[in-house]
Amino acid sequence: MAKKLTSQKLKKLGVPSVLIAGLLAASALGWKTGAFDKIKNYYELKALFPASGYVSQVEDGDTFTLKTGQTVRLLGINTPERGQNNFDSARRGLAGMVDGKKVFLEYDRYQDEKFGRVLAWVWVGCEQTPKFLPADYMHKSDRESNPGLIDNPSGCKKGKLINEELVKSKLADPVVYTDRGELKYESRLKSLKSP
């Protein structure tokens, strides 16, 4: 029998505070919490961090929702916010690339954020299930990283990295966080930026 889920247990697992209330509510409504008893890191929960899924709705130029309800924010890019120039173009651009399609989610050193969204590199058109390097591949220290990735992962050599496609089509800008460590495809995206 699974032990009762508590905020202290979730904090100990490293679950961000923004997600705790929702997980406790889901538990109270009948969600089976036994998965938490078997893991040491909540990022291992495929219910919270799926490997793939089908896109049901595009929110804006860099955010969409899967049919399972998870909201995914594309890593390493930024698109116009609602009310800004080119918002509709960016949203339509992303929708044309992912809406109704199966996407594969590759995780990096940062996998979630304060709004409860999953952060991922998003792949489409893969010839089989991709074999991604672990989410912590880049991490050496808080600000130090391993060399960035240039090539597509095994199983997705013919696929497209949506984050990159949005930058190529000038619907998104690559984002570099100077106070954090480098992301897997950060240098790949920066190389596309016009001088």
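What follows draws every value from the coordinates through simple rules; no lab data is involved. Model, not experiment: these values are computed from the prediction. Cβ: placed from backbone, ideal geometry, glycine included. Neighbour counts: every protein chain shown.
Kindly provide the set of residues from the stretch 159-195 that are in contact (Cβ under 8 Å) with a residue 60 or more places away in the chain, assigned to a helix (DSSP H, G or I) and small (G, A, S), ordered by number.
So in the stretch 159-195, the residues in contact (Cβ under 8 Å) with a residue 60 or more places away in the chain come out as 160, 162-163, 165-167, 169, 171-175, 180-181, 183-186, 189.
Within this subset, residues satisfying the condition of being assigned to a helix (DSSP H, G or I) are 162-163, 165-167, 186, 189.
The answer is none; no residue qualifies.
Kindly indicate whether any position in the stretch 78-90 is in contact (Cβ under 8 Å) with a residue 60 or more places away in the chain, under 22 Å from K193 (Cβ atoms), touching an Asp or Glu at 6+ places or on another chain (Cβ under 6 Å) and hydrophobic (A, V, I, L, M, F, W, C). Walk me through how you get there before you give the answer.
Of all residues in the stretch 78-90, those in contact (Cβ under 8 Å) with a residue 60 or more places away in the chain come to 78-79, 86, 89-90.
Pick out the ones that are also under 22 Å from K193 (Cβ atoms) and you get 78-79, 86, 89-90.
Then keep just the ones that are touching an Asp or Glu at 6+ places or on another chain (Cβ under 6 Å); that gives 78-79.
Next, only the ones that are hydrophobic (A, V, I, L, M, F, W, C) stay: none.
Within the stretch 78-90, not a single residue is in contact (Cβ under 8 Å) with a residue 60 or more places away in the chain, under 22 Å from K193 (Cβ atoms), touching an Asp or Glu at 6+ places or on another chain (Cβ under 6 Å) and hydrophobic (A, V, I, L, M, F, W, C).
Failed condition for K102, given (1) surrounded by fewer than 19 Cβ atoms within 10 Å (Cβ to Cβ); (2) under 24 Å from K193 (Cβ atoms); (3) within 16 Å of the chain's Cα centre (by Cα); (4) free of Cβ contacts under 8 Å to residues at least 60 places away in the same chain, with all others met?
Unmet condition: (2).
Report yes if A120 is free of Cβ contacts under 8 Å to residues at least 40 places away in the same chain, aliphatic (A, V, I, L, M) and outside any loop (DSSP other than H, G, I, E, B), otherwise no.
For A120, the condition - free of Cβ contacts under 8 Å to residues at least 40 places away in the same chain, aliphatic (A, V, I, L, M) and outside any loop (DSSP other than H, G, I, E, B) - is not met.
Restricting to the stretch 149-165, count the residues that are farther than 12 Å from V124 by Cβ and buried (at least 16 other Cβ atoms within 10 Å of the Cβ).
3
For the structure I just gave you, tell me whether S145 is within 24 Å of S191 (Cβ to Cβ), free of Cβ contacts under 8 Å to residues at least 40 places away in the same chain and surrounded by 16 or more Cβ atoms within 10 Å (Cβ to Cβ).
yes
Yes or no, residue by residue, for (1) within 13 Å of A172 (Cβ to Cβ); (2) within 15 Å of the chain's Cα centre (by Cα):
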{"site": "G61", "(1), (2)": "yes, yes"}
{"site": "L66", "(1), (2)": "no, yes"}
{"site": "R73", "(1), (2)": "yes, yes"}
{"site": "N78", "(1), (2)": "yes, yes"}
{"site": "R82", "(1), (2)": "no, no"}
{"site": "D88", "(1), (2)": "no, no"}
{"site": "G96", "(1), (2)": "no, no"}
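Across the stretch 105-143, what is the total count of residues that are closer than 19 Å to V175 by Cβ and charged (D, E, K, R)?
9
Identify all residues within the stretch 61-104 that are of a type in the set (S, T, N, Q) and not in a helix (DSSP H, G or I); write none if there are none.
If we filter the stretch 61-104 for residues that are of a type in the set (S, T, N, Q), which is where we start, we get 63, 65, 68, 70-71, 78-79, 84-86, 89.
Within the stretch 61-104, T63, T65, T68, Q70, T71, N78, T79, Q84, N85, N86 meet the criteria.
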